[in-house]
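Notes for the one structure printed next.
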Amino acid sequence: MAKQTVFSGKIFSIVWDERLNQDGSTSVFETVNAPDVVRVYPVRGDSIWLIREYRRELDRDILRTVSGRIEQGESPEQAGRRELREELGGMTTSMTTFATSRPILKVDSVVHHVLADMPEIGPSSPEPDERIRPAVYQIEQLESLVWEGHIIEDVIAMQLLRIARDPAMLRFG
């Protein structure tokens with residue numbers, strides 16, 4: 001059966017994969033191919049640093065994690081360090097991947113969730129089209145942020161709830 005890229009963009013491509021069904025007919029299976037992504041959860045003491053970021057697709061600011069694409073040859077931790085520096089000016093002495101997820105099964109991309117101990121903050125350097133402001137919350141506020149609808153991305157909400165319910169995972173070293 002034929003596999004064909006029908007759209008190739010800067011961030012993702014769409015692939016049609018014609019497959020043979022059990023009854024002998026064929027169906028086209030569509031997949032979005034996208035790079036793997038890192039989401040960084042920077043912790044400093046009893047606080048977690050999130051960002052308020054303007055998102056064009058929603059035409060408004062939303063509360064979310066530091067995040068970005070994993071570039072060719074980068075590990076999730078290397079990408080996390082780069083994104084943390086760019087978006088918050090954060091430096092980390094310890095970073096660990098605590099979860100991986102797939103946002104949607106039809107999207108061929110893995111999201112790596114990393115915790116970062118963030119003892120230092122310097123100047124940030126977001127990309128020219130990014131509008132980002134730091135937002136600092138106490139760990140004990142995370143559940144309220146999720147349940148009150150302040151976190152609209154479900155995968156981020158789930159990971160913040162995990163952190164809130166198991167603060168022992170924030171012990172570095």
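Please return the ranges of strands (runs of 3 or more DSSP E) entirely within region 93-169 where 3 or more residues are more than 17 Å from the chain's Cα centre (by Cα).
Values: elements: 94-101, 111-117, 132-138.
Strands (runs of 3 or more DSSP E) meeting the threshold: 132-138.
Within region 115-122, identify whether any single residue is of a type in the set (A, V, I, L, M, F, W, C) and at pLDDT below 90, and answer yes or no.
The answer is yes, given that some residue of region 115-122 is of a type in the set (A, V, I, L, M, F, W, C) and at pLDDT below 90.
Taking SER47, is it of a type in the set (S, T, N, Q), in contact (Cβ under 8 Å) with a residue 24 or more places away in the chain, surrounded by 12 or more Cβ atoms within 10 Å (Cβ to Cβ) and under 25 Å from LEU145 (Cα atoms)? Spell out the reasoning first.
Values: of a type in the set (S, T, N, Q): yes; in contact (Cβ under 8 Å) with a residue 24 or more places away in the chain: yes; surrounded by 12 or more Cβ atoms within 10 Å (Cβ to Cβ): yes; under 25 Å from LEU145 (Cα atoms): yes.
Here the answer is yes, as SER47 does meet what is asked.
Quickly run through region 108-129 and pick out the residues that are in contact with a strand residue (DSSP E or B) (Cβ under 9 Å, 6 or more places away or on another chain) and within 15 Å of GLY90 (Cβ to Cβ).
VAL114, LEU115, ALA116, ASP117, MET118, PRO119, GLU120, ILE121, GLY122, SER124, PRO126
Right, GLU153: charged (D, E, K, R), within 25 Å of ARG55 (Cα to Cα) and free of Cβ contacts under 8 Å to residues at least 24 places away in the same chain or not?
no
Kindly provide the set of residues from region 65-92 that are of a type in the set (S, T, N, Q), touching a strand residue (DSSP E or B) at 6+ places or on another chain (Cβ under 6 Å) and in a loop (DSSP other than H, G, I, E, B), ordered by number.
THR65, THR92
The values are calculated or read from the model by the stated rules, or taken from the named source; none is laboratory data. Keep in mind it's a predicted model, so treat the numbers as computed, not measured. Neighbour counts run over all protein chains shown; Cβ positions are idealised from the backbone, glycine included.
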